[in-house]
Amino acid sequence: MKSLAHQSVEEMGGRASVLSRQKRDHVELDRLLNRLTAAAAAEQDSILLEIYRLVFPHAYAEETILWPVIRRVLPDGHELTLRVEREHQEINELATRLERLEHGSAERDRVLERLVALLREDVRDEEDTLLPALQMKLGEARLRRLGLAWEAVRAISPTRPHAIVSRRPPGNVLAALPLTLLDHCRDGVDALRHRRAGAASPPLEGLSSTLARASHAVERLPGLRRGEDPSTRRGKGRPSWAAAVVVTIVAASAAFALAGRSRGGRSGNGAI
């Protein structure tokens with residue numbers, strides 16, 4: 001098998017092929033990781049936000065669209081996808097842990113270093129093994145159809161780490177709608193927080209934390225672990241449906257209201 005790292009766009013089935021789409025994301029990830037490792041501590045959070053918005057929808061769409069196909073068409077598909085799912089699980093756990101660590105701490109530096117290394121390892125596993133194996137089984141037309149499906153799912157996927165939900169359907173599919181809503185709200189809040197320094201930061205930080213708590217409550221709802229392999233199962237406890245729904249609605253409403261005020265401010269004076 002020839003690694004995607006050494007294939008041209010034409011060899012991968014054209015720009016619409018799922019292989020080409022995957023490789024483009026991997027190239028962008030490499031660029032962002034290089035920026036991250038060279039950045040000062042004060043700049044890391046905004047770069048991490050860019051990485052998360054690339055990595056987690058990418059992986060979610062893989063787990064929802066590509067890995068089930070690989071398990072059907074390859075005799076060792078279960079073993080191949082499980083290895084990558086375990087990498088995705090650890091990436092989710094590391095990113096979740098990173099949010100709770102203080103800048104400048106030795107532990108944060110260690111977690112960040114491991115996260116970067118694992119992201120690079122995940123790319124190598126996909127480009128050297130998983131995706132070339134899929135390429136050998138499917139024609140270009142099928143790869144292009146998978147590319148369209150993968151792109152569509154990626155566009156509506158969660159953008160933050162979620163270590164509790166299943167890495168496989170149907171659990172991850174059930175989790176998509178509420179977690180994507182909360183993640184996109186939080187992305188907007190954090191982007192605004194990184195642009196606004198000083199007095200606006202504490203309330204924005206509080207809202208971001210509220211959205212994070214809401215998403216972690218949703219992760220534990222019944223049914224969202226269905227289909228997962230036992231080796232990627234993490235977390236305990238189940239919040240009530242009512243509690244999770246209330247937290248989600250309140251947090252999302254606050255985020256949308258804030259976004260509306262921000263848009264109004266920009267239209268009035270041309271600045272945030």
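Taking the centroid of alpha carbons for each part, segment 155-204 and segment 23-76 are 15 Å apart.
Sorted by average packing, counted as other Cβ atoms within 10 angstrom per residue and highest first, what order do 207-216, 92-101 take?
Top to bottom by mean Cβ count within 10 Å: 207-216, 92-101.
Once the Cβ-Cβ distance of I156 and V73 is raised to the sixth power relative to R0 = 35 Å, the FRET efficiency obtained is 0.90. Extension gain for S209 to T129 (0.36 nm times residue separation, less C-alpha to C-alpha distance): 25.0 nm. Dipole check for segment 3-118: with +1 at the C-beta of Lys and Arg, -1 at the C-beta of Asp and Glu, and the Cα centre as origin, the magnitude is about 240 Debye.
For the listed peptides 155-163, 39-47, a ranking on the average number of other beta carbons within 10 Å per residue, highest first, reads 155-163, 39-47. The reciprocal of the average 1/r between distinct C-alpha atoms defines the Kirkwood hydrodynamic radius, which for segment 1-66 equals 13.2 Å. Here segment 63-122 is described by how far its Cα atoms reach on the three principal axes: 47, 18, 12 Å, from widest to narrowest. Available extension along the chain between R145 and D109 is 8.9 nm, counting 0.36 nm per residue and deducting the alpha carbon span. Extents of segment 25-101, largest first, come to 47, 26, 16 Å (Cα atoms, principal axes, whole angstrom).
Provide Rg over Rh for segment 112-233; use the alpha carbon set for both Rg and the Kirkwood Rh (inverse mean inverse pair distance).
So for segment 112-233, dividing Rg by the Kirkwood Rh gives 1.05.
For the modelled label position 7 Å from the Cα of R120 along Cα-to-Cβ, which residues of segment 12-26 have backbone nitrogen atoms closer than 19 Å? The answer is 23-26, whose backbone nitrogens lie closer than 19 Å to the label point. Take the alpha carbon atoms of segment 1-159, find their radius of gyration, then divide it by 2.2 N^0.38 Å using N residues; give the quotient. Against the compact-globule rule of thumb, the ratio is 1.07.
Where a number appears in this text, it was derived from the coordinates with a stated rule and is not lab data. Just so you know, these numbers come straight off a predicted model, no measurement behind them. All Cβ positions, even for glycine, are placed from backbone atoms using ideal geometry, and neighbour counts span all protein chains on display.
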